[in-house]
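Just below is one structure, and these are the notes that go with it.
The values are calculated or read from the model by the stated rules, or taken from the named source; none is laboratory data. Only a predicted model underlies this, so the values are computations on that prediction, with no experimental measurement involved. Note that each Cβ is placed from the backbone with ideal geometry, even for glycine, and that neighbours are counted across all protein chains shown. Quick note on the areas: whole protein, heavy atoms, side chains included, nothing else; ligands and nucleic acids left out. Shrake-Rupley method; radii C 1.70, N 1.55, O 1.52, S 1.80 Å.
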Amino acid sequence: MTCKQQICPTARLIFTISLFVFSSCAYFNTFYNAQLYFEKAEKERLEKAGESIPPAAIDAYGKVIEKSQHVIDKYPDSKYVQEARLLIGKARFHRKEYRVAETLFNQYTELYSDDVEEAEFWLALCKWKLGKPQPALDVLQSMLNASNDNDFISKIHLAIAEIYLETDEPGKALEHLVLAAETNNDRDERGQIYFRIADLAYSAENFEQALKANEEVVKNTTSKKRKEEANLQIVRIHRLLGNWDKVKSLIKSMLLDDIYASIHGDLELELVKLYQMDNQIEEAITRIETIKEDYKNSKTSAEAYFIHGEISLYDQWNLVNAEKYFGQVTREYRQSSYTSTANLRAKEITEYQESLTEISSLEESNSQIVAALDTLENDSLKQIKKEELQASEMSISNHLYNLGELDAFHFKRQDSSLVHFQRIVDDFPESDFYPKSLFVLYYIHFSNENEESAELYSKRILGELPSSEYADYLRKALNLPVDPESVQAMLRQGELEWLVNPSYALTYYRNIIQKESQSETAARAAYFLAYHYDYTFFEQDSALKYYSWLNDNYNDSEQADASRDRYSQLSQLVIETKKDTLSENPVFETKKDSLFNQEVDEKKQTDLLDKTVVKTKRDSLVH
C-alpha cells in the first residue's frame, strides 16, 4: 500500500471527527448563549420584582427564544432540545404571551411525559395569568406537598406569593415569601426575596419583621444598590421603633464611610426626622439648612424644604415661612414625591390667610353698617342695609368654617378650630354652616373622648336639627329610631318612588335640596335630578339648572367632577341657542297666536313626559 493510500482514510476520519466536534460546539454555543440571555433577563426581572418587567429584560427574553429555536430547528437530535423548549416557554411567559406559553408547555408534556414537573409548574402559572388563580393555587399546593427539592419548593412558594399579592392578600403572600427565602440555596435570589419581605412587612407596619428582613438583605445580596437601600431602611425602622441612640450611632458611622456616599443625603434627612421626633426643633432646622446648601436642586433638598415647611406650620405656626418653604419644593426638584402635597399645603395656607383678611374686612364693614342703621330713618334704606348686613354675616360664617376646617383637619390645630366652629354656633345660628359646625364640634369632642361635651352637642343636633343628615348619623350611631322627616328618609322614599312613579319621585329630591342645601345628601340629590332631567326626561333647561347649582355650591364634590363636562356642553348649547333665537325669533301677529303656540308647546312637552315615564317604569328595575 502506498503512502498516499494510507494517508487518505486517515484524513477522511480526521475530517469527519472535526465536523462532528465543530457541529457539537456550534449547537452547544448557541444553547449556552440562550441560557446566558435567560439568566440576564431573570436578574433584571427579579431586581424589579413587583414592578413591570424592564424593556432590557423583554429584549433578552426575545434573544432566548431566537437562540433556543435555532437549536431546535438546526439540531433536532441534540440533547439540548428538551431544555431549549422549556426556555422558549418561560421566555414567552415573561413576555406576557400566556396563550402561546401554555401551548408550548402542553406540547412539552406530550413529548417528554417522563419529565413533566417543571412544565406543569409553568402551566399552573399560565392558568393564573389567564384568569384562574384558584386552580393555579391548587396545582401549586399539590406540587408543594409532593416535592423534596428545596430549590423547587422555594420557586413554588415564590409563585404562590405572587398570586396572593395579585389577589390582594399580602398577609398570605408574606408567609410564602418567608418560606421561599428559607428554602432557597442561591444567595443572590435569597437577598431579592428578603428585600420583598422587608418591603411588604414595612408597608404592613410590621417593623420588627421588616428590620430582620432588611438585615438578611444586607447579608445576602450582591447588589450594591440593594445593600444601600436595606441599610437606609434599617435606620428608618430603628427610628420608628424609638431606638434613637442606635439610629444616631448607625447614621454617624455610615456618614463617615464613603461606601454609603450615595445615601448620605438620605441619612442626613433621617437625622432631621429623629430630631423632630425628639422635639429638638432647633437642631433639626440647623441640619436642614446644611442639607439645603450641600444638596442643592436635588431630591434631597426638596424633601428638606418640605420638612422645613412642616416645622414652620405645625411647630412654629409661621404661615409666611411655611408657604415659602412649601413653594420651594417644586423649584428644587420637580419630580419630588413631595411636590403635590407641598403645593396643596401652600394653597391651603393662602386660603387661610385670605379668610382671615376677609373676616377682618367684613367685620369692619359690619360696624359701619350697624352705625348707619342707627341714624337712618327711611325704611327702604334700612331694609337695604339690613340685607347687606345679613349677606356679610353669611360670608363671615363661611370664612370661619374654612378656618376651622383647615385648623382641625389639615394644620393639626384642633383646639384652635373649636373657637371658629363655636363662634358660628354662637353668633350665626341662621347660617348654612350652623348645622355643620354643631356636628364638627360633636365629632371633635367625641374623637378626643370628651364625652360630656360630645353628649351636649349631640342633644342639640337631635333637638334643633332632627331631620338633618347629622341627626340621622347620630340616630344610627346611638341606635335611635329613624325620623320619617329626615333627609335620609326622604332619600329612601325617593328611591322607592322612582321604581313606581319616576316623575313624582323627583319631588323628594327637590325637597332634599330645599331642606338641607349644605348637606352631602343635597349634592347627591342635585346630581340625580340633573342626570335624569338630562338623560331620562330630556329636559335640558332643568338639567342645566341643577348642574349649575351643583357646580356653584359643591364645586369640589365627586358629583360636580362627574358632571363638569356635561355641564360645560349644555352651557355652550344654551349660548348658541340664544344666538339662534335672536336671529330666528318668530313674530306673532296677535296675542291669540302667541297663546296658541304656547299651548301647543306645553302639550308636546306633556306627551313627551308621559312617554318617558312609561319607558322609565320599564327600565326602573335595571336602573
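Summary table
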item: Net charge contributed by nearby residues that have their C-beta within less than 13 Å of residue 339 (K/R +1, D/E -1); result: +3
item: Simple spin-label estimate for residue 107 and residue 258 in nanometres, 7 Å along Cα-Cβ; result: 5.6
item: The range 206-334, relative contact order [Cα under 8 Å, separation at least 6], %; result: 15
item: Which of 69, 167, 122, positive extreme of dipole for the range 49-170 (C-beta unit charges); result: 69
item: Size of electric dipole in the range 123-209: Cβ of Lys, Arg +1 and of Asp, Glu -1, about Cα centre, debye, nearest 20; result: 320
item: Extent along principal axes [Cα atoms of the range 53-96; Å; largest to smallest]; result: 35, 14, 11
item: Extension gain from residue 29 to residue 561, taking 0.36 nm per residue of separation minus the Cα-Cα distance; result: 185.4 nm
item: Förster radius 35 Å - calculated FRET efficiency between residue 377 and residue 356, Cβ distance, rounded to 0.05; result: 0.45
item: For the range 375-388, Karplus couplings with θ = phi - 60° (6.51, -1.76, 1.60), whole Hz, Gly/Pro x; result: 9, 6, 10, 6, 5, 5, 5, 4, 5, 4, 5, 5, 5, 4
item: Alpha-carbon radius of gyration plus Dmax, which is the widest Cα pair, for the range 377-504 in Å; result: 18.3, 58
item: Helix-only mean residue ellipticity at 222 nm for the chain, each DSSP H run of n ≥ 4 adding -39500 (n - 2.57), per residue, nearest 500; result: -27000 deg cm²/dmol
item: Accessible-area composition of the range 36-179, carbon plus sulfur, in percent [1.4 Å probe]; result: 46
item: Solvent-accessible area, 1.4 Å probe, carbon plus sulfur percent, for the range 207-341; result: 46
item: Bins of 5 Å from zero: percent of alpha-carbon pairs in the range 245-315; result: 3, 17, 29, 25, 17, 7, 2, 0
item: In order through the range 307-312: 3J(HN,Hα) via Karplus (6.51 cos²θ - 1.76 cosθ + 1.60), integer Hz, x for Gly, Pro; result: 4, 4, x, 5, 4, 4
item: Rotationally averaged projected area of the chain (alpha carbon convex hull; nm²); result: 52.7
item: Over 17 Å [Cα-Cα, the range 119-224], rounded percent; result: 52
item: Reduced Cα scattering model of the range 432-492, Debye log10 I(q)/I(0), q = 0.14, 0.20, 0.27 Å⁻¹; result: -0.36, -0.70, -1.14
item: Karplus 3J(HN,Hα) series, Hz, for the range 60-68 with 6.51 cos²θ - 1.76 cosθ + 1.60 (x for Gly, Pro); result: 5, 5, x, 5, 4, 4, 4, 5, 5
item: Dipole moment magnitude, nearest 20 debye, the range 302-446 about Cα centre, only Lys, Arg, Asp, Glu C-beta charged; result: 620
item: Cα-based reach from residue 545 at 14 Å (exclusive), listing aspartates and glutamates while leaving out same-chain residues under 8 positions away; result: 534
item: Inter-site label distance for residue 370 and residue 203 at 7 Å from Cα along Cβ, in nm; result: 5.8
item: Residue among 517, 220, 498 farthest towards the positive dipole end of the chain, charges placed on Cβ; result: 220
item: Spacing of the two label points (7 Å from each Cα toward its C-beta) at residue 493 and residue 82, in nm; result: 7.9
item: Dipole in debye (nearest 20) - the chain, about Cα centre, beta carbon charges: Lys, Arg +1; Asp, Glu -1; result: 3020
item: Out-of-range pairs (alpha-carbon distance over 27 Å; input 43/246; 224/248; 172/219; 48/90); result: 43/246
item: Dipole-positive endmost among 288, 179, 375 within the chain (Cβ charges, Cα centre); result: 179
item: Rel. contact order, % - alpha carbon contacts under 8 angstrom, at least six apart, the chain; result: 4
item: Solvent-accessible area per residue for the chain (1.4 angstrom probe, square angstrom); result: 57
item: Surface/4 estimate of mean projected area, convex hull on alpha-carbon atoms of the range 63-178, nm²; result: 7.6
item: Accessible surface of the range 342-473, 1.4 Å probe, proportion on carbon and sulfur as whole %; result: 48
item: Accessible-area order (highest first, 1.4 angstrom probe) of the listed residues 289, 268; result: 289, 268
item: Folded to 0 to 90 degrees: helix 434-447 orientation relative to the chain principal axis, Cα; result: 50
item: Label zone at residue 96 (point 7 Å along Cα-to-Cβ), backbone N below 12 Å, the range 38-73; result: 52-55, 58
